[in-house]
Each structure stands twice: as C-alpha cells, then as structure tokens.
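What follows is a set of notes on a single structure, which appears directly below.
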C-alpha cells in the first residue's frame, strides 16, 4: 500500500515517530533548515499534519497544502489549530482527550501539596544540611481550605475529586453552571476573592488569553495560591511575576508557561513559586495512549472509517 505524505510540525517522541514512519511518508517541517524549500517540494502532496498540543498550524501554512485532509494533534489542547478555518475548508481535526485526564489532575493536586506544604523548599533545606541547625518553618494545611477551579471540564472535575479527598472544599467558575454539588461562582474575580487556591484548568486560545490578570491576582490576595496546569497563555505572566515579587499572592505552582520552554529568569528567582517543565501528562502509560490515538485517528481517516476522537 502506498504511504500517505504527512507534515510533522513539532518534535515528537520515538514511540510516536516510529509507527508514523511505518505508515506514512513523514516530512519534518519543524526541524527543516529551509521550511519554504520543503513546502515548495512536498506541500502540494501533503494530506495530513501531526502536531503537538502546544504547537501551531497557522492559516498561511495550511493554505500552501491544497490536498490537506486531516490534522492530528498529539495532546488534548488544540488551541494552535484554526478550527473554524479547518471546518470551512473540510479539514478534519483530532486530538487525544480523556487518556491524560488522570495524570494531569495528579499533577495539579501535587502542585497544591507542594505549594501549601513548601515541599520543594523543605527538600532543599534538608539537602543543604540545615536540619541539623533547626527545624524547617511551618507551612499551611489543606483540610478546610477552599479550592476554586477555573474550567470544570474532565480535568477540572478530576482535580476537584482529588482535592476533596484532602478535605478541601470546592468552588468553580466557567461558562455555564453545571449539575454538580460544588458551588458555582459566576464571576472570576469573585471566585478569586473567596478561595485559597485558584486552579486553572480551562482551554487555551484567544478566548482565554490572560484571563488570569492583575485584577484576578489582586483579588486572590495574600492568602491565595495560583495553580496552572492548563495553558501558559491563560495567565498574564508579567502580572504574575509582579504579584509574586510584591507578595500580592502567597505563591504559585505552574506546569505551563507563556513561551515554553523558555521561562523568565525573574519567575525562576521567585522562591514562592514551584515550577515544573510541562510534565502534566508525562508518564509512559499516558503518552503511549496519546500516540496510539494519533496514529489510529490518521489510519481511520485514510481508510474511510470513523475517527476515534474528532474535534471537527
């Protein structure tokens, strides 16, 4: 069977690249030294795109791929895909939802624990030999505290269940009130004022860019901690740095950043921030399932069968 030509828009792990190479002719746009030359050579034949959740497929690029039929995203987020444009041009889009929900929720709850109990600082304290000179300073308990979740989708709900197990109370803000037992707050600023932890679990994209801004951080206040496992674009990073430096908020736990993998030096110098290298779904089990969905969605499309996880 003749292999289908696809364009690779992001660095992908070997466990995904190997099955892609076995089934398709893969053209590596991400690493190409001369991207224009590559498109001039193969653009007219490309029928599929594979990209990561944090990467972008801009319209000017897609317009140079007249035979494009499908974009398969290795990730749950697809804010880098111009979905409306794809719908208008009959291009299908798929992602890898559900399979990473539990791991990302685990990471969010870990960030809540790490920030409240100062576990990173405690680890450094011990390794520095400081324990022999005195006890580590007291931190803050979780039980009885109020967690506010921004975006109560699959991941938001999974986070809420985990934090309830720690004895925390739950409130949430989103586009609509849902049929759940947790308190709904129709204003993001009002939610921030109420909670001890503000946990960002909403989609990225233009609609939520800098949703967490200086006003929200001021409302969160000195009792509050910001947790972000969604997209870096949702938080105004400059405003967050200022809030951390000035003590406007107590702290932050971040797995995502505005310009990954580049993290501002000023943010890395904030001792009241716990920073992780976007590892929310970073387990062998989950990434293997994500890769399987990417490959099987492409196979389903090109064989004329139903997509496993269609976006459009």
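The values are calculated or read from the model by the stated rules, or taken from the named source; none is laboratory data. Owing to the predicted nature of the structure, the values given are computational and were not obtained by experimental measurement. Neighbour counts run over all protein chains shown; Cβ positions are idealised from the backbone, glycine included.
Laid out as a table, the results:
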| item | result |
| --- | --- |
| Lone qualifier among 50, 81, 112 - being in contact (Cβ under 8 Å) with a residue 60 or more places away in the chain, crowded, with 22+ Cβ neighbours inside 10 Å and in the same structural domain as residue 198 (by TED's automatic domain parsing) | 112 |
| Cβ pairs under 9 Å, 6+ apart, first in the stretch 278-292 and on the phi > 0 side of the Ramachandran plot, second part of a helix (DSSP H, G or I) | 278/232 |
| Selection count, the stretch 173-217, where residues are under 25 Å from residue 273 (Cα atoms) and modelled with pLDDT of 95 or more | 26 |
| Residue within the stretch 117-139 that is at pLDDT 95 or above, within 18 Å of residue 228 (Cα to Cα), in contact with a strand residue (DSSP E or B) (Cβ under 9 Å, 6 or more places away or on another chain) and part of a helix (DSSP H, G or I) present | yes |
| Number of positions in the stretch 35-47 that are over 26 Å from residue 303 (Cα atoms) and either under 24 Å from the mean Cα position of the chain (by Cα) or in contact (Cβ under 8 Å) with a residue 60 or more places away in the chain (or both) | 0 |
| Filter pass, residue 163 being in a loop (DSSP other than H, G, I, E, B), touching a helix residue (DSSP H, G or I) at 6+ places or on another chain (Cβ under 9 Å) and surrounded by 22 or more Cβ atoms within 10 Å (Cβ to Cβ) | no |
| Spans of helices (runs of 4 or more DSSP H) in the stretch 1-68 with at least 1 residues touching a helix residue (DSSP H, G or I) at 6+ places or on another chain (Cβ under 9 Å), at pLDDT 95 or above and within 16 Å of residue 82 (Cβ to Cβ) | 59-62 |
| Answer from 148, 144, 129 - the residue that is under 26 Å from residue 179 (Cβ atoms), assigned by TED's automatic domain parsing to the domain that holds residue 200, out of contact with any helix residue (DSSP H, G or I) (no Cβ under 8 Å at 6 or more places or on another chain) and free of Cβ contacts under 8 Å to residues at least 60 places away in the same chain | 144 |
| Scope the stretch 81-110; condition under 12 Å from the mean Cα position of the chain (by Cα) and in a loop (DSSP other than H, G, I, E, B); matching residues | 97, 100 |
